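One structure is given below, encoded as C-alpha cells.
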Ligand code: SF4
Ligand code: SF4
Ligand code: FES
C-alpha cells in the first residue's frame, strides 16, 4: 500500500466540514497510511491564477514539494485542488526551464520538487488499492439504494492533465457504487458542469446548471446523488433550493460526498460520516 | 481481409424545405477497423443516399470543417475512428449530429456565421507595433523562442468550432465571445510584435470574459490540444492588471488572492462581501443561515498555515516570474 499526504483543501475545512470528517473516518477504517502536513496551503482554486498565474504555480509547486519531502503521494478530496495540483505538475514536467526557476524559489525555503509525487482523489485510491478490502467490509445496507454519480468537471477534465477515467463516458464512480452494494443510475448530465466557479460572476447560470443536473437525477428516480467534489456538493446541497427555483422545480434530493456513502456502506454510522451536517436532509436514505 | 463490424450510424437529418425539425435516420453499414466517421459519411453519400449533407475537405485534421457530434461529443469527423467510439460507449450505434450552439442549415452542416462575426469583432489579427516591426522588409521582425512559447499553442487553432459548440457560456450568454475567440485575443496579447499587447484584454473584458465557468470542456475536447480556458485565465489576469476590476468575478478573484496570500488558506466567510458587497451578503444569507443551523459556519478569522513565512516568500518570488 502506498503512503499519502492528505490534502483536504479549503472547503472541506470550512463549509464542507462533513467531507473532511467522513474522509478521515473512512481512511482510518480502511487503514490508509496518511499524514496531514500542516504547511500545505490553499491551491488557489483557479482564482489565484486569475490574478497572478505564476503565483498559483509557485504555491502548488510548494505543495507538491512538501509531499515529496515526506516521500508521500498526495490524496485529496476536492476535484478543483486535484486539477490545480496536477496542472502544476504538468507545467513543471513539460517545461524544464520553469521547473528550474521554481526550484530556485523553493530552495529559499528548503524545498525542492523533483517530480516524484503522484496526486490522487480518495475514490481513485480506494478503487486502485482498496477494492478487495472494501468488498469484504460492505454490509449490504445500501442494497436498495439508487445512486446518481455526479463527477464534477475537474474530476475528469481536461484529459491531458487528469488522465484518469474517460471524460466522455466515465465509469469509476459507477464501479464504486456497485462495489458498495448500491445501484448506479447514470444520466448524460453526470459529466456536465455545476457552474460553481461562476458563482459570483454568472450566478444565474451556475444555479440553472445545478438545477438541471439535479433534475436529471430526480427524473431518473435516484435516491441520492454522490460527488467527489465538495464544490459541486455545495451547489447541489446548500444551494439546492435556489437552483431548483431557477428551473421552476421543487423536490428534495440528498447529495452525499463520495466518502460519506463509502463510510455508510462499510458500517460507519451516519454520525461518523457527519451526515447530519448535510443541508438537504440525507439521514432518511439509510 | 480487414476486420469489420456492422454498425448503425444514427444520423440527424434536416432539410428546411420539407422538415419542421430534425429527425434521425439509421444507416447500417460494415465498418472496417480504422474507418473514420468522415469516411463512413462519404461511403453513405456515394453508395446509399446522395442527399446526405456534411462538410469535410482536408481529411487530415487541418481545415477544421468536418466537426460533428459523435454520441453527444463534438469531434473532427476525419480524426475520429468509429471502432474506438463504439468501444468507448459499449454500443454498436453511433449517433451523429450537427454541432451545438449553432443553427443547422441542413443535415450535419451548421451556420458558422455568428461565431465568425464574434471572431471578427475581437480584432483577430496583428496590429503592428511600429516600435518593434521595422519599416521595410529588409530587416527581420524577431520573436524569440521564450516569447513564442507563451502563445505558440494558440497559433495551432484550426477554427473548427468544436470548443464553441459545447461551451455553456456561449449557450447562455449572447455576448460571450467564445473559447477560440478568447484564444485568439490572448495569442495577440502575448505577441511582442503587436501594438495593442495587454490592452487587448480590454476587448476580452467587453465580451464577457468573466462569464466563463471554467468547466474545462474546451480544454478537454479541442482536437489540437489548445486549452482555450487557459487563455481566459491569462486574459483575466491581464485585465486586472489593466485596472478592470469593477465586476463581481474580478473582485472575487482579487479577494481570493489576498486571502490566500496572507494566511495560506482561503477565508470563505469574507468572500461574499468582498466580491459583491452587501448584495453578496444578502444573497448569501439563506445559505449562511443553513450552515449556521448545521453548525458548520466557516470561521471569520483564519489561522495562518505553518511556515507562513516560507509560503509568503514563495508567493512574492513567484509574482516576479515572467
Ligand atoms: S471552460 Fe469556459 S470557455 Fe471553456 S467551455 Fe467551459 S465555459 Fe466555455
Ligand atoms: S481552440 Fe481547438 S476546438 Fe476551438 S476552434 Fe480552435 S482548434 Fe477547434
Ligand atoms: S476534414 Fe479538415 S479537419 Fe476534418
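Computed from the C-beta positions of residue A:94 and residue B:140 and an R0 of 45 Å, the FRET efficiency is 0.95 to the nearest 0.05. Here the convex hull built on the C-alpha positions of the protein assembly as shown has a volume of 178 cubic angstrom per residue.
Compute the FRET efficiency between residue A:175 and residue B:321 as 1/(1 + (r/R0)^6), taking r as their Cβ-Cβ distance and R0 = 41 Å, and round to the nearest 0.05. Approximately 0.50, to the nearest 0.05. Per residue of A:35-47, other chain Cβ atoms within 10 Å of the residue Cβ number 6 on average. For chain A, the longest principal axis of the Cα atoms and the long axis of helix A:53-69 meet at an angle of about 90 degrees. Across B:201, B:12, B:141, mean-square fluctuation computed from a Gaussian network of chain B (C-alpha pairs under 10 Å connected) peaks at B:141. Judged by the ratio a/c of the largest to the smallest principal axis of the C-alpha gyration tensor, region A:225-286 counts as prolate, that ratio being 1.5 or greater while a/b is larger than b/c. A viscosity of 1.306 mPa s and a temperature of 10 °C, combined with the Kirkwood radius over Cα pairs in Stokes-Einstein, give a translational diffusion coefficient for region B:248-320 of 118 µm²/s.
One quarter of the convex hull surface built on the alpha carbon atoms of region B:111-242 amounts to 8.4 nm², the projected area averaged over directions. Working note: 222 nm ellipticity from helices only, DSSP H runs with n ≥ 4, each -39,500 (n - 2.57), summed and divided by the residues of chain A, gives -13000 deg cm²/dmol to the nearest 500. Cα convex hull, region A:55-110: 76 Å³ per residue, rounded to a whole number. Subtracting the Cα-Cα distance of residue B:57 and residue B:114 from their residue separation scaled by 0.36 nm leaves 18.4 nm. Shielding by partners for peptide B:228-238, expressed as the average number of C-beta atoms from other protein chains within 10 Å of each residue's C-beta, is 3. Per-residue ellipticity at 222 nm from helix content only, as computed over chain B with -39500 (n - 2.57) for each DSSP H run of at least four residues, stands at -12000 deg cm²/dmol. Annotation: extensible slack from residue B:18 through residue B:279 equals 88.8 nm (criterion: 0.36 nm per residue apart, minus Cα-Cα distance). Among A:112-120, B:207-215, A:249-257, sorting by the average number of other beta carbon atoms lying within 10 angstrom of each residue, highest first, gives B:207-215, A:249-257, A:112-120.
Residue-normalised convex hull volume from the C-alpha trace of chain B: 230 Å³ per residue.
As an equivalent ellipsoid, region A:170-286 spans semi-axes of 23, 15, 13 angstrom, where each value is the square root of five times an eigenvalue of the C-alpha gyration tensor, largest first.
For peptide B:259-272, the mean count of partner chain Cβ atoms within 10 Å of a residue's Cβ comes to 5. Semi-axis lengths, largest first, of the ellipsoid equivalent to region B:60-184 are 35, 19, 12 Å, with √(5λ) applied to each eigenvalue of the Cα gyration tensor. Working from Cα pairs under 8 Å separated by at least six residues, relative contact order for chain B is 12 percent. Measuring r between the beta carbons of residue B:123 and residue A:129 and using R0 = 45 Å, the FRET efficiency lands at 0.30. Taking only the Cα atoms of region B:4-106, the radius of gyration and Dmax are 13.0, 37 Å. All Cα-Cα distances of chain A, cut into 5 Å bins from zero to the largest, leave 1, 6, 13, 17, 19, 17, 12, 8, 5, 2, 1, 0 percent in each bin in turn.
None of the figures in this text is laboratory data; all of them are computed from the coordinates on show. All figures in this text were calculated on a predicted structure; none of them were measured in a lab. All Cβ positions, even for glycine, are placed from backbone atoms using ideal geometry, and neighbour counts span all protein chains on display.
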